[in-house]
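Enquirer: I have a structure here, written as C-alpha cells, and I will follow up with some questions on it.
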Amino acid sequence: MNRFENKVAIVTGAAGGIGSAVAARLASEGATVVVSDVNQEAAQAVAASICANGDKGLAVAADIASGDDCRGLVQTVVNQLGRIDILVNNAGINRRGALLDLSEDDWHSSFAVNLDSMYYLCRAVLPIMIETGAGAIVNTASQWGLYPAPGHIAYNVTKAAVASFTQNLARDYAPQNIRVNAVCPGEIHTPMLEAGVLRSGRTIADLDRKVPLGRIGKPEEVAALVAFLASDEAAFMCGSLVEITGAQAVA
Ligand SMILES: NC(=O)c1ccc[n+]([C@@H]2O[C@H](COP(=O)([O-])OP(=O)(O)OC[C@H]3O[C@@H](n4cnc5c(N)ncnc54)[C@H](O)[C@@H]3O)[C@@H](O)[C@H]2O)c1
C-alpha cells in the first residue's frame, strides 16, 4: 500500500513505543514523516532508521507542553516541506496516583503534555489544512479515558478530555474536510507500560491474563489503526473514538 504518497505527516512522541511505530508505518506507505519528540537524540535515531529503510523521515525536536515549541515545530515543517496533511497527536505522559497522592506538578504537567499540546498544535496546523482543503488529525486517547483505571486520575481525566476534544474538533471542522479521530488503546507493550509495570510490581504476563484475547497489544497494531484513520480509506470517519483493547474494554 502507498496510501500516503506526497503527504507530509507530523507525529509527536515519535521516539516512543507507539509513536515510533506510527512514524515507521506512515513512512513505509510513502509519507514524509516529521519525527517529533522532546528527546532530540532519540527522535534523530528514529528518523535515521526510517531513512535507512529508504523512506522519508525528518527529526524536529519540540517540547509540546510549550506553545512556542508547538508553533515553532509547525513553522519549521512548513518552511522545509511546504505542507502538512496529517497530524498524529501521540505524545503523552502517565503520572500515577489517586488524588491525594498527586502533586500539583503531576496534575498540571499531565494536562500540559496530554491536552494543552493538542490545543497548540491543532491551532497551528488547522489553517494550513483548511487552505489545502483537506487534513487528517489522529489523537491518542486511551481506554482509561473512557473506563477509568484506579489510581491514575490525572492521566484518565486528560484522556477523557482528549476524547471530548476530538469530538468537538471533528464537529467544528468537518465542514472544511478536516477529519479528526482518536484511538483509545488498552495496554500496549511500550516503554511507558514497562515503567508502570516496574512501579506496580506486576509482570507483563499478569497484564496478558487480564486481556480476553490473551495478550497485551503491540505498538505496530496501534500504528496500523492510526494509519487507517489517517488515510483516505477512512474518508467517512470523523469524530470517532476507536477502541483497540483486545476486548479488555468490554471485559
Ligand atoms: N502504552 C500503553 O499501554 C498506552 C495505552 C493507552 C494510551 N497510550 C498513549 O499512547 C501514547 C504513546 O505512549 P507510549 O506507550 O508509546 O509511551 P512512550 O513513553 O513509549 O512514548 C511517549 C513519547 O512521548 C515523548 N514525550 C513525553 N513528553 C513529551 C513532551 N513534553 N514533548 C514531546 N514529546 C514528549 C517521550 O519522550 C516519548 O518518546 C501516549 O499518549 C499514551 O498515553 C499508551
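Enquirer: Within region 226-245, track down each residue that is surrounded by fewer than 19 Cβ atoms within 10 Å (Cβ to Cβ), within 16 Å of Ala141 (Cα to Cα) and of a type in the set (A, V, I, L, M).
Expert: Passing the criteria: Leu241, Val242, Ile244.
Enquirer: Here is a follow-up. Please name all residue pairs, on different chains or six or more residues apart, with Cβ atoms under 9 Å, provided the first residue is in region 127-149 and is within 23 Å of Gln176 (Cα to Cα) and within 16 Å of the ligand (Cβ to nearest atom) and the second residue is among the charged types (D, E, K, R) and part of a strand (DSSP E or B).
Expert: Ile137/Arg179; Val138/Arg179
Enquirer: If I filter region 154-162 for residues that are of a type outside the set (Val, Ile, Thr), free of Cβ contacts under 8 Å to residues at least 40 places away in the same chain and under 24 Å from Val22 (Cα atoms), do I get at least one hit?
Expert: Restricting attention to region 154-162, the residues satisfying the condition of being of a type outside the set (Val, Ile, Thr) are 154-156, 159-161.
In the following step, the residues that additionally are free of Cβ contacts under 8 Å to residues at least 40 places away in the same chain were identified as 156, 160.
Next, from what is left, pick out any that are under 24 Å from Val22 (Cα atoms): 156, 160.
Checking region 154-162: at least one residue is of a type outside the set (Val, Ile, Thr), free of Cβ contacts under 8 Å to residues at least 40 places away in the same chain and under 24 Å from Val22 (Cα atoms).
Enquirer: Please go through region 1-24 and give me each residue that is more than 11 Å from the ligand (Cβ to nearest atom) and either in a strand (DSSP E or B) or among the acidic types (Asp, Glu) (or both), ordered by number.
Expert: Across region 1-24, the qualifying residues are Glu5, Val8, Ala9, Ile10.
Enquirer: Something else about it: If you check Glu194, Glu187, which single one turns out to be free of Cβ contacts under 8 Å to residues at least 60 places away in the same chain and of a type in the set (Asp, Glu)? Lay out the reasoning, then the answer.
Expert: Working: Glu187 fails: free of Cβ contacts under 8 Å to residues at least 60 places away in the same chain.
Only one candidate passes the filter, namely Glu194.
Enquirer: How many residues are of a type in the set (Lys, Arg) and farther than 21 Å from Ser240 by Cβ if we restrict to region 114-167? Explain how you work it out, then say what you get.
Expert: Of the residues in region 114-167, the ones of a type in the set (Lys, Arg) are 123, 159.
When the remaining residues are screened for being farther than 21 Å from Ser240 by Cβ, the result is 123.
Total satisfying the criteria: 1.
Enquirer: Out of the residues in region 172-184 that are touching a residue at least 60 places away in the same chain (Cβ under 8 Å), among the aliphatic types (A, V, I, L, M) and closer than 20 Å to Ala223 by Cβ, state the one that is nearest to the ligand (Cβ to nearest atom).
Expert: For region 172-184, the residue satisfying everything is Val183.
Values in this text are rule-based calculations from the coordinates and carry no lab data. Bear in mind the structure is a predicted one, so any value in this text is a computation, not a measurement. Methodologically, a virtual Cβ is constructed for each residue, glycine included, from the backbone with ideal geometry; neighbour enumeration extends over all protein chains shown.
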